[in-house]
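Accompanying notes for the structure given below.
The values are calculated or read from the model by the stated rules, or taken from the named source; none is laboratory data. The shown structure was predicted, so the numbers you read here are calculated from the model rather than taken from an experiment. Backbone-built Cβ (ideal geometry, glycine too); neighbour counts: all protein chains shown.
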Amino acid sequence: MDNQIAEDLRTKINNRRTFAIISHPDAGKTTLTEKLLLFGGAIRLAGTVKGRKASKHATSDWMEIEKQRGISVTSSVMQFSYGGHEINILDTPGHQDFSEDTYRTLTAADCAVMLLDSAKGVEAQTIKLFQVCRMQNIPIFTFINKMDREGKEPLALLEELENVLGIRSCPMNWPIGMGSDFLGIYDRINERFDLFREQEQRELFELKDNDLGSQEVKELLGESRSQQLQDDIELLDIAGDPFDIDKINEGKLTPVFFGSALTNFGVQTFLDEFVKLSPPPSARKSTIGMIDPVENKFSGFIFKIQANMNPAHRDRIAFLRICSGRFERNLSVNHVRLGKQIKLSQPQQFLAQDRHIIDEAFAGDIIGLFDPGIFQIGDTLTVEGNFQFDKLPQFTPEHFAKVYTKDALKHKQFQKGLYQLAEEGAVQIYKTFINHTEDMILGVVGELQFEVFQHRLKSEYGVDVYFQRLNHQFARWLKSETKIDPFSLGSSNCLLVKDHYDNLVALFESEFSLRWMMEKYPNFRFQTINNED
Ligand code: G4P
């Protein structure tokens, strides 16, 4: 490659930042995303990023689902430029449309922003998403939101990060008061005050001589606030974790930022530091070793397939994360699983509002490919070489139902639909061990997936199905050094089933029965994520 071209490619790739925001519903993800897009100039008006508002009121009416999917899809990936960086935000659907896609999206991210509501701290959905990030060892940046409201004490929030998530933290800025008493933040990196003013205004004051006890600071914050700040910062300096970029990159330390997305406070400070500290696309594991984003020609993998994005066309879009090189329209690539050359002629990229046809994209970017039914989750596309990226993990569902077709004559289509949707990664299917009854159990991560599944079987395969919901809540892949004989377990506390790939899975109705089984079989591993062959 010509040196200049190679250098240009390196610069373009190194300027890319691809991340997902992980949070519990209502922490302020939509609001924060919107503010970030405003800074990037990708949208002009606040209130443009819709999405969760609609899905909060999800009903069983399919049109409603379709509408929500339309909305959430436009925000599946959002790209914008900021300070010389190209930023890709991956959406992680929450609420009822929380699904395996939500988890899988994280496999396409180079880092994550963990957003917490200062009054709620670490919540259930955040924990789940955090665990997936941890598994990938990606850096996690924390933004503690809603400082304009009464919340938990900042030190208590840091303790929660450590106690609940097991991650050390390093506050990059520190709040001065909260709620109606919120004065702003002290920026520890730049040693300055960023003061909270009405109407999204801010005022910056540089700290002189590193003296938080100065008369000037007392006048700025008041006697008691300045004393409190001085004590807090002293404590953090002595007892807190020092900033350490290596630990951040390993996902062992999270830099913490405080702010208020709604009032647009602390968001820009966060974004400025984030683009500096967050990693560009890095090398990724494959069957032939690490694939370097710059040295290797185009390659990527499919991490999500969205069907019926446009109800008028009934199309399917496969989302591909580019892992190396440059992509251009009409590129011929090797579809490794099928062993076939294919031409990628209508690649799409996503802005806050629209998707549009693109001419080029680079490692770190996400592109949407029209899918005539040839892609599966985890498929690798390459220009050079026959390698495949590491298999994407499967996650345990939390809702289960037996599924039946209403029309026995349509059994074949029923089976076909079931297996295709399982392969696409939309649902997980299990079979009980007693073959002659042919019980098929459907497992999903989010409730809404049942309805989506029912609708898709009807519209795409012409099959009417009904469910018999099960009380089970937990699934664990059972692994052991020695072969497990399912019939020897004979536990009435769980239901033993086989997954799509014939792996043994145990379904439990309660945590109690799960623990009972774990104690009874200490040599078994009870996995929540299946990432082993
Ligand atoms: P989500 O996408 O994570 O579910 O959260 P979203 O941004 O929709 O925010 C949830 C609620 O929290 C919204 O209020 C939003 O206005 C509010 N919010 C977000 N950031 C802040 C913040 O920094 N400070 C305060 N005080 N509130 C914040 P809502 O009443 O549910 O909706 P809306 O009627 O205001 O849109």
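General observations
- Answer residue from the stretch 469-484, given it is of a type in the set (S, T, N, Q) and surrounded by 11 or more Cβ atoms within 10 Å (Cβ to Cβ) and is nearest to the chain's Cα centre (by Cα) among those: Q473
- Taking the stretch 456-504 as the range and being at pLDDT 85 or above and of a type in the set (A, V, I, L, M) as the test, the residues that pass are L457, V463, V465, L470, A475, L478, L495, L496, V497, L504.
- Residue in the stretch 250-261 that is touching a residue at least 24 places away in the same chain (Cβ under 8 Å), out of contact with any Ser or Thr (no Cβ under 8 Å at 6 or more places or on another chain) and hydroxyl-bearing (S, T, Y) present: yes
- Unique match (being at pLDDT 90 or above, within 12 Å of the ligand (Cβ to nearest atom), among the basic types (K, R) and not assigned by the TED database to the domain that holds E424) among K120, K56, K50: K120
- The set of residues from the stretch 447-468 being aromatic (F, W, Y) and over 30 Å from the mean Cα position of the chain (by Cα) comprises Y461, Y466.
- As for the stretch 171-187, it holds at least one residue that is more than 16 Å from the ligand (Cβ to nearest atom), surrounded by fewer than 21 Cβ atoms within 10 Å (Cβ to Cβ), modelled with pLDDT of 95 or more and in the same structural domain as G28 (by the TED database).
- Residue in the stretch 203-211 that is within 15 Å of the ligand (Cβ to nearest atom), at negative phi and loosely packed, with under 15 Cβ neighbours inside 10 Å present: no
- Output for the stretch 114-157, where each listed residue is basic (K, R) and under 23 Å from W174 (Cβ atoms): K120, K146, R149, K152
- Just so you know, in the stretch 233-270 the residues that are crowded, with 21+ Cβ neighbours inside 10 Å, among the hydrophobic types (A, V, I, L, M, F, W, C) and within 16 Å of the ligand (Cβ to nearest atom) include one that is modelled with the lowest pLDDT, and it is F265.
- Positions within the stretch 369-426 being modelled with pLDDT under 90, among the aliphatic types (A, V, I, L, M) and either surrounded by fewer than 18 Cβ atoms within 10 Å (Cβ to Cβ) or not assigned by the TED database to the domain that holds D502 (or both), in sequence order: L369, I374, I377, L392, A408, L409
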